[in-house]
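The values are calculated or read from the model by the stated rules, or taken from the named source; none is laboratory data. In this text the structure is predicted, and so the values were computed from the model without any measurement. Heads up, the Cβs are rebuilt from the backbone with ideal geometry, glycines too, and the neighbour counts pull from every protein chain shown. Calculation scope for accessible area: heavy atoms of the full protein, side chains included, ligands and nucleic acids excluded. Shrake-Rupley method; radii C 1.70, N 1.55, O 1.52, S 1.80 Å.
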Amino acid sequence: MKKLTFAFLALLMSAALLVPKTSTAQENKAKWPEMKEFHGVMSGTFHPSEDGNLEPIKTRSAEMLKKAELWLKSTPPKEFDKPNVKETLSLLVEECKQMDVLVQKKASDEELKKALFNLHERFHSVVGACNAGDEKHSDGEKH
């Protein structure tokens, strides 16, 4: 009985190795490192603000601006090279500049929250422009 069980398990494991791995649409999506780097700063500043913690945006607004500018100057992957992408990305850079100015002038927490929320929405607009025509409007990452 043990030999039969072992043989069955070995057969099952072998069959699993023979099944071709199917890739998801997201795995086939183009990678844009500058988008991912900007998203890291956006995520690290926006999510804490949802809990009332604005320190991350106060300390990282200049970094966010720099990442946005680098993203704008970069060459998008062919899949993301669409008409609205650079235009929307330019707006994101301008809003990052405005955010950095607000932080430097020590704007109120309410002003910062509102500007950061709008900046987050703009980020999603850029992602949506990248995925225009696709069914799913997501960069596959948690926001």
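Checking the a/c ratio against 1.5 first, then a/b against b/c, what shape does the Cα gyration tensor give for the stretch 48-111?
Prolate, since a/c reaches 1.5 and a/b exceeds b/c.
How far apart, in nm, are two points set 7 Å out from the Cα along the Cα-to-Cβ line at K58 and at T75?
Between K58 and T75, the simple spin-label model gives 4.2 nm.
Calculate one ³J(HN,Hα) per residue across the stretch 71-82 by plugging θ = phi - 60° into the Karplus curve 6.51 cos²θ - 1.76 cosθ + 1.60, and present them in order as whole Hz with x for glycine and proline.
Each residue's phi maps through the Karplus curve to give 5, 4, 6, 6, 8, x, x, 3, 5, 9, 7, 10 Hz.
Can you pull the one-decimal nm distance between simple spin-label points at F117 and S90, each 7 Å off the Cα toward Cβ?
2.8
If amide H atoms are built 1.01 Å from N in the plane of the peptide, which residues on other chains or at least 5 residues away come under 5 Å of the amide H of L54?
none
Can you tell me the length gained on complete extension of the stretch A132 to K82, counting 0.36 nm per residue apart and subtracting the Cα distance? Walk me through the numbers on the way to the answer.
Values: separation 50, 0.36 × 50 = 18.00 nm, distance 0.81 nm.
Gain on stretching A132 to K82: 17.2 nm.
Taking the solvent-accessible surface of protein heavy atoms with a 1.4 Å probe, what is the per residue accessible area of the stretch 26-65 in Å²? Mind dumping the intermediate values first?
On the way: 1990 Å² over 40 residues.
Computed with neighbouring chains in place, this is 50 Å² per residue.
If you rank L91, L54 by how much accessible surface each has, with a 1.4 Å probe, what is the order from largest down?
Order by accessible area, largest first: L91, L54.
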